[in-house]
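Engineer: Have a look at the structure that comes next, please.
The values are calculated or read from the model by the stated rules, or taken from the named source; none is laboratory data. All values reported here derive from a predicted model rather than from experimental measurement. In this analysis, Cβ positions are derived from the backbone assuming ideal geometry, glycine residues included, and neighbour counts consider all displayed protein chains. Side chains are part of the model used for accessible areas, which takes the heavy atoms of the whole protein and leaves out ligands, DNA and RNA. Shrake-Rupley method; radii C 1.70, N 1.55, O 1.52, S 1.80 Å.
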Amino acid sequence: MKQAVRDQLGPIVAAALLATIVWAWFWRPPFSWTFGVLVVIGTVGAGIADGRYALRRLAGVIPVLVGVSFVVFALMASLPGDPAINILGPAATADQIAIVRTELGLDEPFFNRYGNWLGGVLTGDLGTSIVLREDVADGISRSMTPTLQIMAYSVVIALGFAIPLGIWAGYRQGTKTDGTINNVMLGFLATPNFVLAVMLVLFLSIGGLSVAGNEIGFRVLPAARYVPLGEDVVLHFKHMLLPSLALAMGQAAVFMRLLRSDMIATLRLPFIDLARSKGLPTRRILWRHALRPSSFTLLTVVGLTVGLLIGGALIVEFIFTIPGVGAYIFLGVTQRDFIAVQGGVLVISTLYIVVLTMSDFLYLALDPRLRGREVGARA
Amino acid sequence: MRKRLGILFWLAVAYLVVLAVAAVFADVLPIKDPAETFAGTSKQGPSLTHWFGNDGVGRDVFSRVIYGAQVSLVISTVGTVLALVIGGLLGMVSGYYGGRVDRWLTAAMNASLVIPSLILFLALVLFLDSEAKRRIFILVFTFVLLSIAPIARVVRAATLSWAGQDFVLAARTLGARDGRVLFREILPNVAPSFVSYSLIIMAGLIVVEGSVAFLGLSVPPPTPTWGDMINKGRTNLDVAAHISLMPAIVMFVTVLALNFVGDKLQQYFEPRESVL
């Protein structure tokens, strides 16, 4: 009896979650775009894999989201100093302060304020920025596009480096080739992305070092400024290449190391011997037979690194003056605009959680051996 | 078969020791005052008197790099040690007791991994921003908060595999209390894996401190920090690249050395192919 109720609960809650997401974000183009893609991936993945497990996981996401929203709100609500004075400046009269406090709803009890804010969040209303005097949801959705672009390009670049190198190093395990690839990648792993960004600017954009009058470096790529994709496609990619590269190489190293070790394990399995004895060419065995079963850990980790990428995107946006979400939050922090910061942090954390859950589903969809079994979510 | 650590390992260790000693004894070593402006020609490249050259206002880059190491090393070491104690304890308790304790702790750990680290840090800076002196405590506090979860997970996994062994069962059958089993039987076995992991965590913290300093939110000037030096040097990148390049190289080598030593130690202690 109890079990039957529990089985029903999962789908209902999950359906409610999906409805909420769609309802809240539908009318904001970049958001709906992002979440639309994520929901489609998730649903397809869940459908292919294990419907009930997927729904249970989705239902489990809700308390995490509520918890995060509470932490973010509580943190911002307990900021020292009166936000009203922050807005009005030190010369404000008591009457003015009282008016602004009522406007912001600061005189209500904590939980009422949290409830109001959460209610607003669910309908896509994140409040009005104190400094920019602008709707926070609008500001974030505007800044979301460049950030998502950088993140997407850098994941593509990272995988573009990691997959061939990982396969190759795994196949040539223990040889000089393997060692060289490993050491170079360890080097990239140890390069903080802002250091890499500065080096890329130095050597690819402004001509590099001049030693005895000779330039060691190039002036091939522009260093800063953001050109929207819709404005000029070629210029857009030219400007995005350096920031995306700066963000990608560290990830490429992580991905490559993972794929390499999984590749080594896969290549020891009997079905590889079978493929070899059938006389299949090595390239086909590596790319067709061995890659898929070796890529599961890689996929979960790609999901996990989205969080890292957001932090990295902030730095890269700062260096290359790109108006992304990181830059938006950074501006909010330096100007003590708590409404903008709490909105930004909430949106980014939500995005992260959703991506994480989706990557779990993808994991199930790709690996039939795991279906019907509980998977350690992020082990 | 005894594995060898190799010459590169000892070179990396030597570099780290030299850097640490130089940072600790910076005040008594015969190096220039890091705050003295126009100690040499402004923006002059590396030379025999100024090894790493001078920055935009003629300060000696080499001594600023050494003093900058103080900030990086102190913050990352203190952060790592505290995180190691707290995270290690939580991980061991979680792995050893299992059941409800484990479920709650694991849930809390997973939840704390949800907020991206740098973003969390920015929020905390906004939260606690006040006097510059307190900035260093905020930094350490945030770094501890950030590294507890990853450490606890590694330790939990290791504890889990040791807790099922026969010698643990034997100790418990003999009537040893939980505390004794945890600290005398399990800890010595778990320790190698988290000591080597802590070096990698430390490298990570140096990078985060660098990023934060780069954004101008770490320990404020005039105290030199690597991240801040790299950022300030960007304005002169076209005419005097060494101002950014030198601290960047030192930071790169430090992080690389820590990662390398951590990696090697892990392979050394762990007979199996190490898992992420």
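Engineer: Near the amide H of residue B:218, under 5 Å away, which other amide H atoms are found, from residues 5 or more places off or on another chain, if H is placed in the peptide plane?
Structural biologist: Here B:213 satisfy the definition.
Engineer: So, one more: Could you give each residue of the stretch B:156-168 its phi-based ³J(HN,Hα) in whole Hz, using Karplus coefficients 6.51, -1.76, 1.60 with θ = phi - 60°, and x for Gly or Pro?
Structural biologist: Karplus values, whole Hz, x for Gly and Pro: 4, 4, 5, 4, 3, 6, 7, 5, x, 6, 4, 5, 5.
Engineer: Along the charge dipole of the stretch A:252-303, which of A:300, A:256, A:286 sits closest to the positive end, that is, farthest toward it, with unit charges on the beta carbon of Lys, Arg, Asp and Glu (+1, +1, -1, -1)?
Structural biologist: A:286
Engineer: Checking an interface number: how much accessible area is buried between A and B, summed over both chains, with a 1.4 Å probe, in Å² rounded to 100? Can you show the working numbers first?
Structural biologist: Working: alone 19450 and 15270 Å², together 30920 Å².
Accessible area lost upon association: around 3800 Å².
Engineer: Dividing the Cα convex hull volume of the stretch A:219-285 by residue count, how many Å³ per residue is that?
Structural biologist: Normalising the Cα hull of the stretch A:219-285 by residue number yields 151 Å³.
Engineer: Something else now. Can you give me the accessible area per residue for the stretch B:186-236, using a 1.4 Å probe, in Å²?
Structural biologist: Numbers: 1500 Å² over 51 residues.
In whole numbers, the stretch B:186-236 has 29 Å² accessible per residue.
Engineer: Next question, about the same structure. From the protein chains alone at 1.4 Å, what is the descending order of accessible area for A:238, A:176, A:278, B:264, largest first?
Structural biologist: A:176, A:278, A:238, B:264
Engineer: Quick check: with the 1.4 Å probe, what order do B:156, A:172, A:225 take by accessible area, largest first?
Structural biologist: Result, largest first: A:225, A:172, B:156.
Engineer: Just want the answer: with Cβ charges of +1 for Lys and Arg and -1 for Asp and Glu, which residue in A:140, A:127, A:201 is farthest toward the dipole's positive end in the stretch A:101-211?
Structural biologist: Final value for the positive-end residue is A:201.
Engineer: Can you list the residues of the stretch A:149-186 that have at least 50 square angstrom less accessible area with all protein chains present than in their chain by itself, probe 1.4 Å?
Structural biologist: In the stretch A:149-186, residues shielded by partner chains: A:186.
Engineer: Dipole size in debye (nearest 20) for the stretch B:186-274 around its Cα centre, Lys and Arg Cβ +1, Asp and Glu Cβ -1?
Structural biologist: 80
Engineer: Just flag the chymotrypsin sites (Phe, Trp or Tyr not before Pro) in the stretch A:213-277 sitting in loop per DSSP whose Cβ has no more than 13 other Cβ atoms within 10 Å.
Structural biologist: Listed in order of number, the matching sites are A:218.
Engineer: While we're looking at this one, here's another question. At a temperature of 37 °C and a viscosity of 0.692 mPa s, determine how fast the stretch A:263-307 diffuses translationally according to Stokes-Einstein, using the Kirkwood radius over alpha-carbon pairs as Rh; express D in µm²/s, rounded to the nearest whole number. Spell out each step's value before the answer.
Structural biologist: Working: Rh = 11.5 Å.
Diffusion coefficient, whole number: 287 µm²/s.
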